[in-house]
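A.B. asks: Just dropping this structure here.
The values are calculated or read from the model by the stated rules, or taken from the named source; none is laboratory data. The model shown is predicted, which means the values in this text are computed figures rather than measured ones. Every residue, glycine as well, gets a Cβ built from its backbone with ideal geometry; the counts of neighbours run over all protein chains shown. Each accessible area value is taken on the protein alone, full model and side chains, heavy atoms only, with ligands, DNA and RNA left out. Shrake-Rupley method; radii C 1.70, N 1.55, O 1.52, S 1.80 Å.
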Amino acid sequence: MKNIFKINLKGRAMFAAALVSLLFYNCSDYLDVNTDPNNPTIAPLDQLLTNIETNFNDITEFELFSAEILSAYVHQFTYREEQDQYGTRQDNSNIQNTWDNAYSVFGETDIIINQGTEENEMIMVGMAKIIKAYTATIIVNIWGDAPFTEAAQLADGLVSPVFDKQEDIYQNALTLIDEGIANINSGQGINPGTQDLFYGGSITQWTRFANTLKLKLYNEIRLSSMFDAGKLSALVAADNFMSGIADDFEYPYSTTQSPSDERNPLYTDSYLAGQATHYASPWFYEILKGWNPNIHNGVADPRLPYYFFNQLTPGQLPPDVGDPTTGDPKADYWDRNTGFHTIRFGSVSANRDFASRNSSTYPGIYPAGGKYDDGQGGAADTNAGTGAAPHRMLTYHEFLFIQAELIQASLIAGDAKAKLEEAMTAAFAKVDQVVSNSETSQSVPKLIGSTGVSDFIDGILVEFDAASDAKKMEIIMTQKWVSTFGDPYDQYNDYRRTGYPVLANPVGPSPEYQLDNGDAWPLIDSETTLTRPFQVSLFWPQAELNVNENAPAQKDATTYKIFWDN
């Protein structure tokens, strides 16, 4: 993969915003020089496309962006910071960075759209329109009403854009996708080739992705007044969607460290920083183990060692905090039989805040390019893993799960059980692909073709056969949640739309967790609590409200719903 110019930490978002501001300052007279070939008057569109795609990727990423919040809200990671107990505030820096990057993408895509239209570079104009549309729906899905029609117009002196209605933004986004598909297939203009980090300039794959994105959005709005069954039927009849994992819309991280670090940010923030933030969710772990009494009970998921890496070997006392004299692990959550070690959501245990650098379970090879858990333990340090795992934003297996949901909801024809099986199979194949491309030095067994995978899929399908219609939907959405680990943005949307998967509830029926180590230090259910309601949208960044004269008053994020939320 080609080197991608990045600025470390918050500088990445600040650089993007600065670039947009500079380009907007006077695109027709860049730096007041219009004759010197070393000082171009306009930005090269293919290079700007690369920057747009990088900034777009970050919007829903970890390490300074929204995944740091949403992964706690969908219970795949737990945190000691404010996102625990759904406590994210309006001045949260990760949310501000996400907002800033989204509007940076708006500004840059508008440059390509305007300049490219003038120059008849319609292929890149189409790509820019699709990315702008996707960005617009992300903004709506996280915040609701937001600037759109007047956004990114600083060059015209518009510093306080109005907040458009969320439904209007969505409709504009769907229109932009249709325009983008037509532009890409016009044959007019230069193909960006390798400057396009997603598909290398493939018109066929861009078209399949755009149609799959439309299906995703139609599914998101299926319970709202905006839903149009006729448009969904026409899209399905055209049948020009992703056809395999090669069509996955994902950002390609690599092992490159210089001149810029191109490793997966979940990897760098965990393995390089010493697991200071991301802790594996014990709720997620117990579902993967087949322990949850209400879903997939007795059906163990063979992806667990690909998803998480345990530094501890089975039976090893946590070295950071465990008492070797008494055998007390002094752990907030520790499975003696596997070495899984973490903290619980909403924990008020005395063991919650102990340092656990050498004990904690880490993100594994699939979500982060970390280490595969072979059961031998070891240090999760800079020599563990490679960081070469993509950020998966819209994948083939996710597309299949969307189809399964639509079939189960009786909105498209098909066999929901068969589609669920197809989706699960594709999800396992994706794990194998990520491992194969990770450049790991470990010997990692393939999942596809293994007895463990066959037994797991058979177990889920048996459960599906015996389920009510509502339970069948829960099974589909739970498996989608499991399979899209590392993409909490879509999981956050799914949960608010459908109520699935069922998430940990510290004040719900006891016991919350099923772990029993059979020792003198059992989990105490009362040591987890919940004092804040689930946030059904996120607060608007307070900095935006402070400077935008047309901004609304700050919302109550626990009651302000997105228009498609059921």
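A.B. asks: Helix-only estimate, please: 222 nm mean residue ellipticity of the chain, summing -39500 (n - 2.57) across DSSP H runs of length 4 or more and dividing by its residues, to the nearest 500.
C.D. replies: Rounded to the nearest 500, it is -13000 deg cm²/dmol.
A.B. asks: Turning to a different aspect of this structure: Explain nothing, just compute: Karplus ³J(HN,Hα) = 6.51 cos²θ - 1.76 cosθ + 1.60, θ = phi - 60°, for every residue of the range 50-59 in order, whole Hz, x for Gly and Pro.
C.D. replies: 4, 5, 4, 5, 5, 5, 4, 4, 5, 3
A.B. asks: Can you give the convex hull volume of the alpha carbon atoms of the range 378-418 per residue, in Å³?
C.D. replies: On the way: hull volume 5.0 nm³, N = 41.
Enclosed volume per residue, from the Cα hull, is 122 Å³.
A.B. asks: So, one more: Along the Cα→Cβ direction, 7 angstrom out, place labels at T326 and S526. What is the inter-label distance in nm?
C.D. replies: The modelled label-to-label distance comes out at 1.9 nm.
A.B. asks: Whole Å is fine, so just give me how far the alpha carbon centre of the range 58-131 lies from that of the range 532-564.
C.D. replies: Taking the Cα centre of each part, the range 58-131 and the range 532-564 sit 16 Å apart.
A.B. asks: Just to be sure I understand the curve: with the Debye formula and one point per C-alpha of the range 279-416, what is log10 I(q)/I(0) at q = 0.11, 0.14 Å⁻¹?
C.D. replies: These q points yield log10 I(q)/I(0) values of -0.51, -0.75.
A.B. asks: When the gyration tensor of the range 452-492 is built from Cα positions, what are the square roots of 5 times its three eigenvalues, in whole Å, from largest to smallest? Could you put the intermediate results ahead of the total?
C.D. replies: Values: eigenvalues 83, 46, 3 Å².
Whole-Å semi-axes of the equivalent ellipsoid: 20, 15, 4.
A.B. asks: Could you tell me what a quarter of the Cα convex hull surface of the range 210-341 works out to, in nm² with one decimal place?
C.D. replies: On the way: hull surface 54.2 nm².
Computed as one quarter of the Cα hull surface, the answer is 13.5 nm².
A.B. asks: Further question on the same structure: Determine the equivalent ellipsoid of the range 454-520 by diagonalising the alpha-carbon gyration tensor, then write out the semi-axes as square roots of 5 times the eigenvalues, largest first, rounded to whole Å. Present the calculation step by step, with values, prior to reporting the outcome.
C.D. replies: Numbers: eigenvalues 102, 69, 39 Å².
With the √(5λ) rule applied to the range 454-520, the semi-axes are 23, 19, 14 Å.
A.B. asks: Something else about it: If one computes the Cα centroid of the range 270-285 and of the range 434-471, what distance in Å separates the two points?
C.D. replies: What the calculation gives is 23 Å, centre to centre.
A.B. asks: Going by alpha carbons, how many degrees (0 to 90, nearest 10) lie between the helix axis of 11-25 and the longest principal axis of the chain?
C.D. replies: 10 degrees
A.B. asks: Quick one: dipole size for the chain, taken about the Cα centre, charges +1 on Lys/Arg Cβ and -1 on Asp/Glu Cβ, in debye to the nearest 20. Don't skip to the answer; put the middle values down first.
C.D. replies: On the way: 36 positive and 73 negative charges, 144 e Å.
Using only the charged Cβ atoms, the result is roughly 700 debye.
A.B. asks: Of the options I184, T98, T268, report the single residue whose Cα projects farthest towards the positive end of the charge dipole of the chain (beta-carbon charges: Lys, Arg +1; Asp, Glu -1).
C.D. replies: Checked the options; the winner is T268.
A.B. asks: Could you tell me what % of all Cα pairs in the range 376-466 have separations over 22 Å?
C.D. replies: Working: 1760 of 4095 pairs.
Result: 43 percent of Cα pairs exceed 22 Å.
A.B. asks: Taking 29 Å as the cut-off for C-alpha to C-alpha distance, list the pairs among K231/K472; K129/K231; K446/K480; K214/K430; K231/K289; K216/K430 that go past it.
C.D. replies: Working: K231/K472 26 Å; K129/K231 20 Å; K446/K480 21 Å; K214/K430 22 Å; K231/K289 41 Å; K216/K430 19 Å.
Cα-Cα > 29 Å for K231/K289; rest within.
A.B. asks: Turning to a different aspect of this structure: Dipole of the range 491-539, Cα-centred, from +1 at each Lys and Arg C-beta and -1 at each Asp and Glu C-beta, to the nearest 20 debye?
C.D. replies: Numbers: 3 positive and 6 negative charges, 92 e Å.
Result for the range 491-539 is approximately 440 debye, rounded to the nearest 20.
A.B. asks: On a 0 to 90° scale, report how tilted helix 93-119 is relative to the longest principal axis of the chain, with both axes built from alpha carbons and the result rounded to the nearest 10.
C.D. replies: 30 degrees
A.B. asks: Give the value in nm², to one decimal: projected area of the alpha carbon convex hull of the chain, averaged over all directions. Let's see the in-between values first.
C.D. replies: On the way: hull surface 101.4 nm².
The orientation-averaged projected area of the Cα hull of the chain comes to 25.3 nm².
A.B. asks: Between helix 203-220 and the chain, what is the angle of the helix's C-alpha long axis to the longest principal axis, kept within 0 to 90° and rounded to the nearest 10?
C.D. replies: Computed tilt is about 60 degrees.
A.B. asks: In the chain, carbon and sulfur make up what percent of the accessible area (probe 1.4 Å)?
C.D. replies: Details: 10120 of 20730 Å².
Roughly 49 percent, rounded to a whole number.
A.B. asks: Calculate, for Q376 and L411, the FRET efficiency according to 1/(1 + (r/R0)^6) with r their C-beta to C-beta distance and R0 51 Å; round to the nearest 0.05.
C.D. replies: Working: r = 48 Å, r/R0 = 0.93.
The formula returns an efficiency of 0.60 here.
A.B. asks: I would also like to ask the following. With Rg and the Kirkwood Rh both taken from Cα atoms, where does Rg over Rh land for the range 511-566?
C.D. replies: Values: Rg = 19.6 Å, Rh = 15.2 Å.
For the range 511-566, the value is 1.29.
A.B. asks: Something else about it: Over the range 436-566, how many percent of alpha carbon pairs lie in each 10 Å bin up to the one with the longest distance?
C.D. replies: 9, 22, 30, 24, 11, 4, 0
A.B. asks: Can you find, among G327, S281, A368, the residue sitting farthest towards the positive end of the charge dipole of the range 280-403, where Lys and Arg contribute +1 and Asp and Glu -1 at Cβ?
C.D. replies: Positive-end residue among those listed: A368.
A.B. asks: Right, something else. Send over the Kirkwood Rh of the range 105-199, from the inverse of the averaged 1/r over different Cα pairs, rounded to one decimal Å.
C.D. replies: Details: mean 1/r = 0.0724 Å⁻¹.
The Cα-based Kirkwood calculation yields 13.8 Å.
A.B. asks: Using a 1.4 Å probe, how large is the accessible area of D374, given in Å² and rounded to the nearest 10?
C.D. replies: The value for D374 is about 80 Å².
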